[in-house]
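Throughout, read-outs are computed from the coordinates displayed, never taken from laboratory work. Model, not experiment: these values are computed from the prediction. Ideal geometry is used to build each Cβ from the backbone, glycine not excepted, and the neighbour counts take in all protein chains shown.
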Number of protein chains: 2
Amino acid sequence: MTYCIGMLMDAGLVFLSDTRTNAGVDQINTFRKMNIFERRGDRVMVLLSAGNLAVTQSVVTLLEERLAQEGENLMRVPNLFEAACHVGDCVRHVYQRDADSLRAFGIDFNISLIFGGQIAGESPRLFNIYAAGNFVEATPDTPYFQIGESKYGKPIIDRIFRFHSSLEDAAKCALISMDSTLKSNLSVGMPLDLACYPRDRLALERVLRIDLDDPYFLSLRAAWGERIQEAFSALPSLACLSASELT
Amino acid sequence: MTYCIGMLMDAGLVFLSDTRTNAGVDQINTFRKMNIFERRGDRVMVLLSAGNLAVTQSVVTLLEERLAQEGENLMRVPNLFEAACHVGDCVRHVYQRDADSLRAFGIDFNISLIFGGQIAGESPRLFNIYAAGNFVEATPDTPYFQIGESKYGKPIIDRIFRFHSSLEDAAKCALISMDSTLKSNLSVGMPLDLACYPRDRLALERVLRIDLDDPYFLSLRAAWGERIQEAFSALPSLACLSASELT
């Protein structure tokens, strides 16, 4: 499994991914799920991937190979919509190559991508690209996408994160969402990759690998656990419950 | 879908269930998923159900019919283990009757139950009964069970609820867990049914139906939303992040 989140704001973009891959519980590995395509001053793109590792790696490799070739690639497309189309085309290319063989072994062609960034002349944009190569774009109403194990970490994002949040708050919120997911699903695991992009910078501000012993992440985990306890203790007493008695 | 939770404590038991049933998004109804079997002074049992409504209703009806018949029933079994076996037998009885016909229509025999209570002479006990009629029992290490849409509401329970929690805290925690689930899954819906059982009382203390306009539930929702915001605002700044820079 995997947990990745991409967040779109007025202020820019935040991306967070875990690094665990697994085939059963006794075969776990660490693979980076965040890929960056950047030409400073012109464009920044970040791709987060979930699904079958052989499929996601093929798509990323194809995107990279095309950078060195003639024809369309991520450095030549004029805008993020065309970039998302290009990523979708690469997904379809891998589907054409692999899907029948996978099907023969009862394996789904499973890939889900978060793709976002900014190209000079446009605002930052964020997409969720599906296995069929089609995609949806985030808007201020729903300014984030999750892929992989999304449910455990969703309530905190819905309570805290908004299109007008700061990059700092978005990154903290993503880390807390990830912490809840790490606690609940063994197939989501440290270390984490975090990327923050401030609007119109046309270069990533931070790209960080956060390890299990990172003092900030440890202090964030501990502080959140304590604050939640305090928040809970301050809630109104159940004695006030005026619901209709049934017995 | 459904969301139900049963919690076992030193201090007793708490049960909470929603009431929404659905077949697609355009066919939703309200059905009680909490059933109570009680002979005050001798035994209290609470059954929460998730799955195919035709299956869960059949099992509950069978349990009730057997109360009026000769032979084993929930009022005659000597302990909660035998009671859980009896519920499992009723599940298997319905399976024998319905599973083949359901299969012919491509429908799974889908039922999941939380069953707990106390019979005089024993401590309170809590079980999770599966569609095969087998079951597991809660222990102080894992003192709760969820059925139905469990993921959204799990992190808050894991952070707050313990075997040594009070009934009051357990009920509040269950309500907050339900609130997060209600926000995230349209197929979980109000009103709620809440039952609190203090150890050795051998009678339920509270059985409440909580409606959408219940002032306590509204105040709990609002207070929790505010407290979470405050807790978040007080977290350490990301500027302290000492993780290794990758670019």
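At 222 nm, what helix-only mean residue ellipticity would chain A give, in deg cm²/dmol to the nearest 500, using -39500 (n - 2.57) for each DSSP H run of four or more? Please list the in-between numbers first.
Numbers: 5 runs with 84 residues, N = 247.
So the helix-based figure for chain A works out to -11500 deg cm²/dmol.
Among A:Thr21, A:Thr30, A:Thr181, whose mean-square fluctuation peaks in a Gaussian network model of chain A (Cα, cutoff 10 Å)?
Of A:Thr21, A:Thr30, A:Thr181, the most mobile in the Gaussian network model is A:Thr30.
Please determine, in degrees from 0 to 90 and to the nearest 10, the orientation of helix A:80-104 with respect to the longest principal axis defined by the Cα atoms of chain A, where the helix direction is its Cα long axis.
So the helix axis and the longest Cα principal axis differ by about 90 degrees.
Note the angle between two axes, namely the Cα long axis of helix A:167-184 and the longest principal axis of the Cα atoms of chain A, as a number of degrees from 0 to 90, rounded to the nearest 10.
The angle comes out at about 80 degrees.
Which residue, A:Ser112, A:Ser184, A:Ser219, tops the fluctuation ranking in a GNM of chain A built on C-alpha contacts under 10 Å?
In this elastic network of chain A, the residue with the biggest mean-square fluctuation among A:Ser112, A:Ser184, A:Ser219 is A:Ser219.
Can you compute 3J(HN,Hα) from phi for each residue in the range B:10-17, using the Karplus curve 6.51 cos²θ - 1.76 cosθ + 1.60 with θ = phi - 60°, rounded to whole Hz and x for Gly and Pro?
2, 7, x, 9, 10, 10, 9, 9
Mind listing the long-range amide H neighbours of B:Arg201? Cut-off is under 5 Å, sequence gap 5 or more, other chains count too, H placed in the peptide plane at 1.01 Å from N.
When sequence neighbours closer than 5 places are left aside, there are no close amide H contacts.
How many angstrom separate the Cα center of the range A:132-150 from the Cα center of the range A:208-222?
Taking the Cα centre of the range A:208-222 as reference, the centre of the range A:132-150 is 27 Å away.
Please determine, in degrees from 0 to 90 and to the nearest 10, the orientation of helix B:215-233 with respect to the longest principal axis defined by the Cα atoms of chain B, where the helix direction is its Cα long axis.
40
In Å, what Kirkwood hydrodynamic radius results for the protein assembly as shown from the alpha-carbon pair distances?
Details: mean 1/r = 0.0403 Å⁻¹.
Averaging 1/r across every pair of different Cα atoms and inverting gives 24.8 Å.
Once you've got the GNM for chain B with C-alpha springs shorter than 10 Å, pick whichever of B:Asp100, B:Asp193, B:Asp169 has the biggest mean-square fluctuation.
Ranking B:Asp100, B:Asp193, B:Asp169 by mean-square fluctuation puts B:Asp100 first.
Post the alpha-carbon centroid distance, the range A:56-119 to the range A:159-174, in whole angstrom.
Using only Cα atoms to place each centre, the spacing works out to 29 Å.
Among the aspartates and glutamates, which have Cα under 12 Å from the Cα of A:Lys151 when same-chain residues fewer than 8 positions away are ignored?
Counting by Cα, and skipping residues close in sequence, A:Lys151 has these aspartates and glutamates nearby: B:Glu149.
Under the Kirkwood approximation for Rh and a Cα-based Rg, what ratio Rg/Rh is obtained for the range A:3-240? Don't jump to the answer; show the numbers that get you there.
Working: Rg = 18.6 Å, Rh = 18.7 Å.
So for the range A:3-240, dividing Rg by the Kirkwood Rh gives 1.00.
Hey, for B:Glu65 with labels 7 Å out along Cα-Cβ, what do the inter-copy distances come to in nm, ordered shortest first?
Those label-point separations list as 6.4 nm.
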